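The values are calculated or read from the model by the stated rules, or taken from the named source; none is laboratory data. These numbers were taken from a predicted model, which means no experiment stands behind them. Reconstructed Cβ throughout: ideal geometry from the backbone, glycine too, with neighbour counts over all protein chains shown. Heads up: the accessible areas ignore ligands, DNA and RNA and are worked out on the full protein's heavy atoms, side chains in. Shrake-Rupley method; radii C 1.70, N 1.55, O 1.52, S 1.80 Å.
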Amino acid sequence: MTSNSNHRVVRNNKSWSPPPVNFLKLNVDAHLSDDGRWGFGMILRREDGRCVGAATGVCKGSSNGGSSGLSRSTSPSEDDAAMAEAEGLRAALQLVETQQLSNVIIELDAEKIVNAMKRKKFPRNQWGRIVQICSRVRDNLGNLDISWVSREGNQAAHVLARWAILEPNKFWSTNFPS
């Protein structure tokens, strides 16, 4: 947690683990669609595991030689994947800000994004600039931590990220997608 927190966080990076009492956990993930767009999904849960918010978004992937972006036969570049995860983090921070949330743990399975945020060392590329902006936003928000979790621990956000292409730019505070 941030330095002003007295709460102990027990993390289990292999599966989803609940946040401490009086905290929320926001899991975020990105997924490449067949048409080269990246979908990202977010799920906000309380310490009892109950969902209190969910969201999807879409961003355009980089194009590698074609106007439609990446095809399934072309693997995404590492920078393109990092860019999508950085956009997902930016959307997560916007959600925290617009919903006026505090005591939030944001979890991603993008280790390089989390490491850049923790070390405050940002590559001089597009995703590095976005993560640097995210770092400034995080510094201005309430008690908020960003941590890494394995893909297995981020499964609900991953499913939402895959679904984001069909239901882009949605927010649910009730009647969550199943």
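Here are a few things to note about the model shown:
- When we screen Ile165, Ile130 for residues that are over 23 Å from Pro20 (Cα atoms), out of contact with any Leu (no Cβ under 7 Å at 6 or more places or on another chain) and either at pLDDT 95 or above or crowded, with 21+ Cβ neighbours inside 10 Å (or both), the only hit is Ile130.
- Within this structure, Pro123 fails the test of being open to solvent by 40 Å² or more (accessible area, probe 1.4 Å), closer than 20 Å to Ala54 by Cα and either modelled with pLDDT under 95 or not in a helix (DSSP H, G or I) (or both).
- Selected residue (criterion: modelled with the highest pLDDT) from residues of region 133-162 that are among the basic types (Lys, Arg) and exposed (fewer than 14 other Cβ atoms within 10 Å of the Cβ): Arg136
- Test: residue in region 80-87 that is part of a loop (DSSP other than H, G, I, E, B), surrounded by 13 or more Cβ atoms within 10 Å (Cβ to Cβ) and either among the acidic types (Asp, Glu) or at pLDDT below 90 (or both): no
- Inside region 133-162, residues that are among the small types (Gly, Ala, Ser), out of contact with any Leu (no Cβ under 9 Å at 6 or more places or on another chain) and either outside any helix (DSSP H, G or I) or without any contact (Cβ under 8 Å) to a residue 24 or more places away in the chain (or both) make up a count of 2.
- Output for region 14-33, where each listed residue is surrounded by 15 or more Cβ atoms within 10 Å (Cβ to Cβ) and either at pLDDT below 90 or β-branched (Val, Ile, Thr) (or both): Trp16, Val28, Leu32, Ser33
- Exclusive hit being surrounded by fewer than 18 Cβ atoms within 10 Å (Cβ to Cβ) and of a type in the set (Gly, Ala, Ser), set Gly36, Gly41, Gly49: Gly49
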